[in-house]
1. How many residues, within the stretch 32-78, are small (G, A, S) and without any contact (Cβ under 8 Å) to a residue 24 or more places away in the chain?
2. Yes or no: the stretch 241-250 includes at least one residue that is in contact with a Cys (Cβ under 9 Å, 6 or more places away or on another chain), of a type in the set (K, R) and buried (at least 23 other Cβ atoms within 10 Å of the Cβ).
3. Please tell me if S294 is assigned by TED's automatic domain parsing to the domain that holds F7, modelled with pLDDT of 95 or more and either part of a helix (DSSP H, G or I) or of a type in the set (S, T, Y) (or both).
4. So L224 passes all but one of these: (1) under 30 Å from A203 (Cα atoms); (2) surrounded by 23 or more Cβ atoms within 10 Å (Cβ to Cβ). Which condition number does it fail?
5. Just the residues that are closer than 30 Å to D76 by Cα and charged (D, E, K, R), please, taken from the stretch 128-186.
6. Mind listing just one residue for me: the one in the stretch 1-36 that is hydroxyl-bearing (S, T, Y) and out of contact with any Cys (no Cβ under 6 Å at 6 or more places or on another chain) and, of those, nearest to G66 (Cα to Cα)?
7. Of all residues in the stretch 174-211, count the ones that are in a loop (DSSP other than H, G, I, E, B) and not acidic (D, E).
8. Out of curiosity, is V142 not in a helix (DSSP H, G or I), not small (G, A, S) and not assigned by TED's automatic domain parsing to the domain that holds I288?
Amino acid sequence: MVNPKRFASVDALRGITVAAMLLVNNPGDWGHVYAPLLHAEWHGCTPTDLVFPFFLFVVGVSIALGIVPRLEGGADPTPLRRAILVRAAKIVGLGLLLNLLSYYSFDREWFRPWGVLQRIGLCFAAAGLLATLAKARAQWLVAAALLFGYWALLAWGGSYERHVNLANRVDVALLGPLVYKYDAATGLGYEPEGLLSTLPAIATVLLGVRAGEWLRRDGTMRLLSAGVVALLLGAAWARVFPLNKNLWTSSFVLWTAGWAMLALASCHLLVDRWRWPALGRRFGVNAIAAYAGSGALLCVLVALGAWETIYRVGFAGWMAPLFGPYVASLAFAAAYVLFWWGVVWLMDRRGWYLKI
């Protein structure tokens, strides 16, 4: 059986993405966050909006590097498919557990079933199974069908605006007040990780699969050229189908995949070819531990009333008068990332890797 080759550049890119997730998700004060570290209010794309698509893209790259070589080496696809479904179910289950912890810690009035890990699990299952069933051409066709089909659905729905677009209406019809944001008075709401918008997110992972295949076959120039083409196509499509992370629009898929391809090619050149240090690798090899652990710790500290105290005493109380509240808020987020870097550094030193 083929032993899949591990690329330090992929671990580094995954790790940088996870570190960015922690940075943007944990400011000291949500009222004082620099604009690039916030999501676009609705249409548009900030640097923060690139983080989740990058992670999904790397999920696809990992499928190409970890699953496809085993198939090419003669592995029985049935156990592989079973393993894909089991792992996907574990990721979704972990996401549900984190949402349950958040529900109790933040005294929420409702339990939210959707979330980041739930989307990752569903997209991993769909793209992983497709990688075991279909060749490259079929994967491209499925990705194109998802992107154009989603555009057609939302255009048929009549609007791309918040609440009234088809994706939001479907989520509210299925889940009612259990969506991310819901107004009981109007019955309107939206869910950024909802059902319909998961379809184009699967296309993001499939583009990662194809990029991973190019990486395996030393197609650095193809990655670079494809990244530029994807950016141009995404920008052109955005003129009629706006960039929007909450809706995960098709233009957003191409725009973010373009940047992800360029980032992957750059990391490959710097780390694998030119032997630069693989910054972020420790986050990358323990991505689930860092993301889920940081979310769980946040919930526990909030439930104990310690989160705000730590920020006020350790950061805002003395930093805000000297440097302003924005610096204090960012410093707290950076310190939280640094704390979790210490955790994954220790795990890596001891050979502890959380796999689900």
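The values are calculated or read from the model by the stated rules, or taken from the named source; none is laboratory data. What you are looking at is a predicted structure, and each value in this text was computed from that prediction instead of being measured. With ideal geometry, Cβ positions are generated from the backbone for all residues, glycine too; neighbour counts draw on all protein chains shown.
1. 1
2. Yes, because at least one residue in the stretch 241-250 is in contact with a Cys (Cβ under 9 Å, 6 or more places away or on another chain), of a type in the set (K, R) and buried (at least 23 other Cβ atoms within 10 Å of the Cβ).
3. Spelling it out, S294 is indeed assigned by TED's automatic domain parsing to the domain that holds F7, modelled with pLDDT of 95 or more and either part of a helix (DSSP H, G or I) or of a type in the set (S, T, Y) (or both).
4. (2)
5. If the condition is that a residue be closer than 30 Å to D76 by Cα and charged (D, E, K, R), then K135, R137 are the ones that fit.
6. T17
7. Going through the stretch 174-211 one residue at a time, the tally reaches 11.
8. When the stated conditions are applied, V142 does not pass them.
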